[in-house]
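Here is the structure we will look at.
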Amino acid sequence: MTTLIDDRRVRAREASPARYFYFHMALACAATAFLGFAPTYWVPLAQRTLSASPVIHFHGLLFFTWSLYFVLQTWLAASGRVVNHRSLGIAGVSLATAMTIFGFLASVHVMQHSAALGQKEAGIGFSIVPMSGIAFFAVVFVLAIMNTRRPEVHKRLMLLAAVSILDAAIARWFLTFLAPSGPPGPPPVPVTIAPAVVASLLLVVAMVRDWRTEGRVHPVYIYGTLALLAVKVLNWPVSETAAWHAFAGGILALAQ
């Protein structure tokens, strides 16, 4: 009996770091979001030099709150506070819904701002990036909620959802340090692919962890990562089609 108890204690100590893997990944997502927006949002905001519409401020607040919420939820799950984790799930649904709404409104605002700068068509083309991004996040989040009784699927979908919105933060560093000088306006759609690939490296880390601990990579990571990158790559050709310009242009016309 003593040997059995000791064995259980050893297994518990060995399993503990594994239980906190998603918590650590959530911390990485939150750090990426904060550091990514630091040069273009947090620092100017602290210096009171940032000029942005209320829609953008609400958008930023909701998305960063999501990062903190994801950290809290993964910590609750890892520390065994499953009841609290499930209770806060309702708040997560409300938060994700608000993010989807304000993500769409921020996309419209970008088109309006681009039109005001005389770059209407460029703004309409670029709008596919934030719109497809928030749509992907919403779909994955809904799938995660539908799989709450399958924790191995649920937690991987939640990580996929969190990673899917990090390309905007990473892109800020690309634009800050690599973008050529020129008039303000939306960047070309192709430049958004590289930040998405960088963000996906977090999913690669999760895949490696799966391979080492489970002996295989979970299908959520395989198909989810492929779908995420497919969306980011297809944004480029779709953004140049007449159909997209008619669709997004119609939304812009309604907003004006």
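The values are calculated or read from the model by the stated rules, or taken from the named source; none is laboratory data. The shown structure was predicted, so the numbers you read here are calculated from the model rather than taken from an experiment. Using ideal geometry, Cβ is built from the backbone for each residue, glycine included, and neighbour counts are taken over all protein chains shown. Just the protein is used for accessible areas: all its heavy atoms, side chains included, with ligands, DNA and RNA removed. Shrake-Rupley method; radii C 1.70, N 1.55, O 1.52, S 1.80 Å.
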Checklist outcome for this item: Residues in region 222-256 that are without any contact (Cβ under 8 Å) to a residue 60 or more places away in the chain and among the polar types (S, T, N, Q) total 1
Next on the checklist: Please go through region 40-54 and give me each residue that is among the β-branched types (Val, Ile, Thr) and either in contact with a strand residue (DSSP E or B) (Cβ under 7 Å, 6 or more places away or on another chain) or surrounded by 16 or more Cβ atoms within 10 Å (Cβ to Cβ) (or both), ordered by number.
Outcome noted: 40
Item to check | Conditions (1) surrounded by 20 or more Cβ atoms within 10 Å (Cβ to Cβ); (2) at pLDDT 95 or above; (3) farther than 27 Å from residue 69 by Cα; (4) not basic (Lys, Arg): number failed by residue 189 | outcome: (2)
Checklist entry - Within region 19-39, is even one residue open to solvent by 40 Å² or more (accessible area, probe 1.4 Å), among the charged types (D, E, K, R) and more than 28 Å from residue 157 (Cα to Cα)? => result no
Item to check | Residue match in region 144-161 (condition: among the small types (Gly, Ala, Ser), open to solvent by 10 Å² or more (accessible area, probe 1.4 Å) and either in a helix (DSSP H, G or I) or touching a residue at least 24 places away in the same chain (Cβ under 8 Å) (or both)) | outcome: no
Next on the checklist: As an exercise: evaluate residue 168 against (1) surrounded by 15 or more Cβ atoms within 10 Å (Cβ to Cβ); (2) modelled with pLDDT of 95 or more; (3) closer than 20 Å to residue 97 by Cα and give the number of the one condition it does not meet.
Outcome noted: (2)
Checklist entry - of a type outside the set (Ser, Thr, Tyr), closer than 17 Å to residue 157 by Cα, open to solvent by 40 Å² or more (accessible area, probe 1.4 Å) and without any contact (Cβ under 8 Å) to a residue 60 or more places away in the chain: does that describe residue 219? => result yes
Checklist entry - When the residues of region 205-224 are filtered to those that are part of a helix (DSSP H, G or I) and in contact with a Phe, Trp or Tyr (Cβ under 9 Å, 6 or more places away or on another chain), which remaining residue is farthest from residue 139 (Cα to Cα)? => result 213
Checklist entry - Of all residues in region 234-244, which are in contact with a helix residue (DSSP H, G or I) (Cβ under 6 Å, 6 or more places away or on another chain) and open to solvent by 50 Å² or more (accessible area, probe 1.4 Å)? => result 236, 238
